[in-house]
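See structure below.
The values are calculated or read from the model by the stated rules, or taken from the named source; none is laboratory data. Note that this is a predicted model, so its numbers are computed, not measured. Neighbour counts are summed over all protein chains in view; Cβ atoms, including those assigned to glycine, are modelled from backbone coordinates with ideal geometry.
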Amino acid sequence: MSRSMPLSSLHIFVEVCKHNSMKKTADILCVTPGAISQQIKSLEDRMSVKLFERSHREISLTSAGRNLMDQLAVSFNNIEAVWEDFESFRTRSARLSVNTTLSFASAWLIPRLTRFQQRWPDIEINLSTSHYPADLRRDGIDVAIRHGQGVHPGHHSEKLWTPKTLPIGNPALLKTGRRIEQPADCLHYPLLQDASRSNWKLWLKAHGIEDSRSRRGSSFTDEQLLIDAAIAGQGLALVSDVYARPAIKAGHVVPVFAASTHTEMAYYLISTLEQADDWKINIFANWIKAEVSLFLKVSESSAQSRQPDYACD
């Protein structure tokens with residue numbers, strides 16, 4: 001008997017035993033019944049033993065065949081389990097879990113994901129939203145996008161861009177309140193706060209104003225909620241111009257200054273230190289940085305072509 005194992009013939013033998021039919025096995029393996037029969041005969045010749053009793057329409061295992069099947073079944077089942085586990089791992093390895101805020105996902109990321117999927121069709125994006133500080137290890141997330149100061153201990157944090165922020169308010173509220181002529185005048189209105197209560201403080205600080213009132217007011221976990229509260233006339237909201245544009249265009253709110261302002265707050269791409277060099281994360285990071293660059297270029301071009309239309313009378 002040859003020392004090399006006839007794995008292909010052994011596999012076919014196991015399949016024939018499972019289905020108790022050479023024809024069914026042939027259909028499953030997409031070969032002819034004659035090819036199956038030939039493999040079984042070759043295995044019997046090589047082992048010098050008869051494995052099946054054959055009748056006109058049926059086959060049955062001999063005692064030698066049953067003994068061989070009993071020993072091979074466990075091994076081939078283990079091989080199938082290993083293969084299925086590997087296929088599952090390979091599928092999982094082509095998935096990228098991305099977490100960001102609802103506002104950023106809706107207003108900026110989702111409209112651009114089509115281009116990512118067209119460029120990288122084998123990477124499946126699992127997108128989730130949360131306003132909580134990112135803890136990628138705890139939550140099983142590959143990358144997160146957050147607006148803040150980029151302080152995420154134990155994580156790699158890369159700045160994407162610093163958005164322009166502007167205070168907005170309901171026109172009716174502004175008409176009944178004190179006229180806003182300078183940033184400090186915003187303090188005479190209820191300030192709608194982000195979850196960290198830092199936006200107004202940093203924005204006023206950028207204008208040389210430090211006041212304890214900058215952290216007072218109702219807080220909201222998402223910028224869209226801030227915009228909704230401003231539309232409802234609950235106070236002034238300080239939001240990214242990206243999110244404010246639709247509400248401004250619809251006339252629901254108006255900016256209280258003619259120009260938006262940069263603050264210390266920016267959008268950051270966050271990953272764990274261990275996964276910072278993961279191929280999927282690198283692909284996503286390079287793609288989103290290219291999208292940001294294009295977005296900023298288009299925004300700058302649009303801003304130059306527009307006449308200033310932000311005013312508070």
Within the stretch 215-252, considering residues that are in contact with a Gly (Cβ under 8 Å, 6 or more places away or on another chain) and hydrophobic (A, V, I, L, M, F, W, C), the one surrounded by the fewest Cβ atoms within 10 Å (Cβ to Cβ): Ala229
Helices (runs of 4 or more DSSP H) contained in the stretch 52-142 and holding at least 1 residues among the β-branched types (Val, Ile, Thr) and on the phi < 0 side of the Ramachandran plot: 63-93, 110-119
Single residue of the stretch 4-28 satisfying the filter (surrounded by fewer than 15 Cβ atoms within 10 Å (Cβ to Cβ) and among the hydrophobic types (A, V, I, L, M, F, W, C)) that is nearest to Ala73 (Cα to Cα): Leu7
Candidates Ile123, Ile145 - the one that is within 12 Å of the chain's Cα centre (by Cα), surrounded by 15 or more Cβ atoms within 10 Å (Cβ to Cβ) and within 22 Å of Leu226 (Cβ to Cβ): Ile145
Residue within the stretch 153-165 that is out of contact with any Phe, Trp or Tyr (no Cβ under 8 Å at 6 or more places or on another chain), among the hydroxyl-bearing types (Ser, Thr, Tyr) and not in a loop (DSSP other than H, G, I, E, B) present: no
Verdict on Ile209 being β-branched (Val, Ile, Thr), part of a helix (DSSP H, G or I) and either at positive phi or surrounded by fewer than 20 Cβ atoms within 10 Å (Cβ to Cβ) (or both): no
Enumeration of residues in the stretch 86-120 that are loosely packed, with under 14 Cβ neighbours inside 10 Å and at pLDDT 90 or above: Ile110, Pro111, Thr114, Arg115, Gln117, Gln118, Arg119
Boolean, Ile270 is buried (at least 16 other Cβ atoms within 10 Å of the Cβ) and either modelled with pLDDT of 90 or more or charged (D, E, K, R) (or both): yes
Residues located in the stretch 228-250, provided they are part of a loop (DSSP other than H, G, I, E, B) and modelled with pLDDT of 95 or more: Ala232, Gly233, Gln234, Gly235
So Arg178, is it at positive phi, surrounded by fewer than 19 Cβ atoms within 10 Å (Cβ to Cβ) and in the same structural domain as Gly251 (by TED's automatic domain parsing): no
Total residues in the stretch 271-299, condition among the hydrophobic types (A, V, I, L, M, F, W, C), without any contact (Cβ under 8 Å) to a residue 60 or more places away in the chain and closer than 20 Å to Asn126 by Cα: 1
Single unsatisfied condition, Lys175 versus (1) over 19 Å from Glu264 (Cβ atoms); (2) without any contact (Cβ under 8 Å) to a residue 40 or more places away in the chain: (2)
Contacts under 8 angstrom Cβ, first residue in the stretch 204-220 being closer than 14 Å to Gln182 by Cα and among the aliphatic types (A, V, I, L, M), partner modelled with pLDDT under 95 and assigned to a loop (DSSP other than H, G, I, E, B), 6 or more apart: Leu204/Glu210; Leu204/Asp211; Ala206/Thr263; Ala206/Glu264
Exclusive hit being in contact with a His (Cβ under 9 Å, 6 or more places away or on another chain) and either surrounded by 14 or more Cβ atoms within 10 Å (Cβ to Cβ) or assigned to a helix (DSSP H, G or I) (or both), set Ala184, Ala172: Ala184
